[in-house]
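The structure appears right after this line, and notes come after that.
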Amino acid sequence: MRDRKLGVTRLVSGSFADRAVGGDGASDLPTVSSDGAIVAFTSQATDLVTAGAATGSEIFLANANDGSIRELPVSDTLIGVSSLALSADGSRLAYAAALESSEDGGYGEDEEVVRVVNTMDGSVIYERISGEGGQVHGPVALSGDGTTVAYTEGSDYLEAYELSNPGDAI
């Protein structure tokens with residue numbers, strides 16, 4: 001990450017053992033809070049958080065001020081995050097991802113989800129899953145204040161939802 005004000009470039013996705021050394025897998029899709037303090041990104045690296053702490057969510061949050069990295073807790077297994085968007089203050093994150101299908105009545109094949117979550121605890125603020133009225137997919141956009149999310153639904157139209165009233169498109 002390049003801090004243009006300070007003229008410094010810092011590695012965001014460093015391994016837990018040595019933050020100055022890149023993780024053991026590729027990292028992608030960075031999004032930054034307006035003050036540059038929080039960076040959300042996806043990664044296939046297994047060594048960004050303490051041993052045994054990774055849950056497989058693929059989404060990580062880095063604190064640019066202290067160099068810490070934590071994995072975003074999610075309630076299910078994501079198999080491919082395609083888009084991330086962070087609110088200006090870093091408190092909310094929108095993402096689009098494919099869901100792992102299961103034989104036990106869970107998600108079906110090729111199901112995707114668009115979610116807005118609280119970055120502190122991963123709690124879901126808004127969720128739209130394929131099959132609930134159409135195919136959803138990214139890229140996602142999140143307003144600076146984190147109150148409106150926009151994404152593509154179906155193959156030809158854009159949806160925007162005010163999170164205080166997610167039942168109605170705006």
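The values are calculated or read from the model by the stated rules, or taken from the named source; none is laboratory data. No experiment lies behind these values; they were computed from the predicted model shown. Cβ atoms come from the backbone with ideal geometry, glycine included; neighbour counts cover every protein chain shown. Heavy atoms of the whole protein, side chains included, go into the accessibility calculation; ligands, DNA and RNA do not. Shrake-Rupley method; radii C 1.70, N 1.55, O 1.52, S 1.80 Å.
A compact table of results
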{"read-out": "Enumeration of residues in the stretch 68-92 that are farther than 15 Å from Asp35 by Cα and either among the hydroxyl-bearing types (Ser, Thr, Tyr) or in contact (Cβ under 8 Å) with a residue 40 or more places away in the chain (or both)", "value": "Ser68, Ile69, Leu72, Pro73, Val74, Ser75, Thr77, Val81, Ser82, Ser83, Leu84"}
{"read-out": "Test result for Ser15, open to solvent by less than 20 Å² (accessible area, probe 1.4 Å), modelled with pLDDT under 80 and over 19 Å from Ala97 (Cα atoms)", "value": "yes"}
{"read-out": "Ser87 vs. criteria within 23 Å of Thr148 (Cβ to Cβ), open to solvent by 60 Å² or more (accessible area, probe 1.4 Å) and either at pLDDT 85 or above or small (Gly, Ala, Ser) (or both)", "value": "no"}
{"read-out": "Count of residues meeting criterion [charged (D, E, K, R) and either modelled with pLDDT under 80 or within 24 Å of Ile129 (Cβ to Cβ) (or both)] in the stretch 48-79", "value": "3"}
{"read-out": "Tally of residues being over 25 Å from Thr148 (Cα atoms) and among the small types (Gly, Ala, Ser) across the stretch 65-84", "value": "2"}
{"read-out": "Single residue of the stretch 111-132 satisfying the filter (out of contact with any strand residue (DSSP E or B) (no Cβ under 7 Å at 6 or more places or on another chain) and at pLDDT 60 or above) that is most open to solvent (accessible area, probe 1.4 Å)", "value": "Met120"}
